[in-house]
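These notes concern the structure reproduced below.
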2 protein chains.
Amino acid sequence: MMLERHSISVKMVLMATSNRNPRRSDALSRDRIVEAAIEILDTEDESDLTFRALTTRLSTGAGAIYHHVANKNELLAAATDEVIGRVLAEIAVDTEPRRAIRAISLSIFDAIDAHPWVGAQLSHDPQPAVLRIWKAVGLQLRDLGVTGSAQSDAGSALISYVLGSAAQYAAGARRSPNDTDRKAYLKALAAQWTQRDPDPFVDEMATQLREHNDREQFLAGVEIFLTGITAQTSWLVPRSQ
Amino acid sequence: MMLERHSISVKMVLMATSNRNPRRSDALSRDRIVEAAIEILDTEDESDLTFRALTTRLSTGAGAIYHHVANKNELLAAATDEVIGRVLAEIAVDTEPRRAIRAISLSIFDAIDAHPWVGAQLSHDPQPAVLRIWKAVGLQLRDLGVTGSAQSDAGSALISYVLGSAAQYAAGARRSPNDTDRKAYLKALAAQWTQRDPDPFVDEMATQLREHNDREQFLAGVEIFLTGITAQTSWLVPRSQ
DNA sequence: ACCTGAACACCGTTCAAGT
DNA sequence: ACCTGAACACCGTTCAAGT
């Protein structure tokens, strides 16, 4: 509140410099808004992304943001698309489809590890980011010889698995930013399980829950998928071996 | 607004009858609140579940609800647990683990088809419903001979897949309540894909998207899983065949 | 065309006051 | 113990008014 006047003077300085350095212009744009949203989502809590927080950070009015973005949902989708797009673009082109599928899956997992809010977002409404993922996975499946509805089924299965894991993991990761917190969280969750259902079998499951490693378990799941797809494909099309 | 007075008089009638018929008592309880929440979520839009809507339906005050439920998140978790608990309890005990896993997966899929809001909820924070699902799946995997960390990995993979599919499907299903709407939605989404990325390969994917059947594709994914788990298990423990 | 910021129509949650 | 309902501290979104 007390910074209001100060932020105005900062803006005036920026306006002054922008005359000499147009690259540092403070002109509002969709990209700048999305960028600011990502910063807030990464730095603060997911609930801290409000239009009021955005207007403060961008030192502008609410209406100005609506001039570039239709609503909050579109803004969240754009932020998600930006993060996923960046991550998928970085994947090295690999000639071996199975290795490429592992790399794609893992890069999405890591992106959600770094930006937990993306995990929740990816299983919401039409997401442009999901098309990117479908294309990346689909191309590798094609190279693997999986086509037509089999490709659609396999792609759907893998993508649902990746997004499902991501969302599950992100739900916990949001409240445990580091490794120690994560372990404490899993321990508490395991205790909750055994308390809620005092059954020896649940006890065993709780032990596994406590001791598992997220990343390794995620990769184990990808392997189950690849094995399943390969086995089903080789059943139809015998390998040249 | 104008019904305010009327709802009060209705309540007074209920109070009068409750003296003679205690089973129809209007006493507030956690169960009654959860039940009312499920009704609103099923009947109206997800965003229509507000504490004001609840107080109107239960003809009470906001504070009364907070006396039985900690907050909105807990209410949503309880509603989700109620739906999933009901569905899992109905599954016939099947001696063949693979058939049982198919039944469990499908019943969760169908529950989310009937209550799309459950799909979004299941990939949020600690959900008691998720323990139920883990236990149901874990027991079948054990019967299949999968134990220890292999059981944990396989269970995690299957559950992530089921919840991921459910969330993806529910995201679309929320805005297309019937089959005709669903087809129109898929057609629009496919058109969006081809428009956003004019690539022959994306065109093929869009065709598959338009023509696929949700339920069949979901089951195809479960099959890929079962094949993968079986193949990996038989690799380690040769079948007695 | 782009931006401002007050105003609108909501939320979830709290809490003094009642029974 | 259980309930009431006004009040609080927020939201996303709109829109007349400015440049």
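Observations on the structure shown:
- Any hit, segment A:56-64, residues being closer than 23 Å to B:TYR185 by Cα and touching a Lys or Arg at 6+ places or on another chain (Cβ under 8 Å): no
- Test: A:GLN151 is touching a Lys or Arg at 6+ places or on another chain (Cβ under 7 Å) and over 22 Å from A:GLU44 (Cβ atoms): yes
- Residue tally, condition more than 17 Å from A:VAL69 (Cβ to Cβ) and either within 12 Å of DNA strand C (Cβ to nearest atom) or free of Cβ contacts under 8 Å to residues at least 40 places away in the same chain (or both), over segment A:26-44: 3
- Picking from residues in segment A:145-160 that are in contact (Cβ under 8 Å) with a residue 24 or more places away in the chain and out of contact with any Leu (no Cβ under 9 Å at 6 or more places or on another chain), the one that is nearest to B:GLN217 (Cα to Cα) is A:ALA157.
- Lone qualifier among B:THR80, B:THR60, B:THR95 - being surrounded by fewer than 12 Cβ atoms within 10 Å (Cβ to Cβ) and more than 10 Å from DNA strand C (Cβ to nearest atom): B:THR95
- For segment A:98-123, a residue qualifies if it is under 15 Å from the mean Cα position of the chain (by Cα) and exposed (fewer than 15 other Cβ atoms within 10 Å of the Cβ), and the qualifying residues are A:ASP110, A:ALA114.
- When the helices (runs of 4 or more DSSP H) confined to segment A:48-152 are screened for residues that are more than 16 Å from DNA strand D (Cβ to nearest atom), small (Gly, Ala, Ser) and within 11 Å of chain B (Cβ to nearest Cβ), those reaching at least 1 such residues are found at A:116-122, A:128-143.
Each reported figure results from applying straightforward, stated rules to the coordinates on display, with no laboratory input. Everything numeric here is computed off the predicted structure, so don't read it as measured data. Ideal geometry is used to build each Cβ from the backbone, glycine not excepted, and the neighbour counts take in all protein chains shown.
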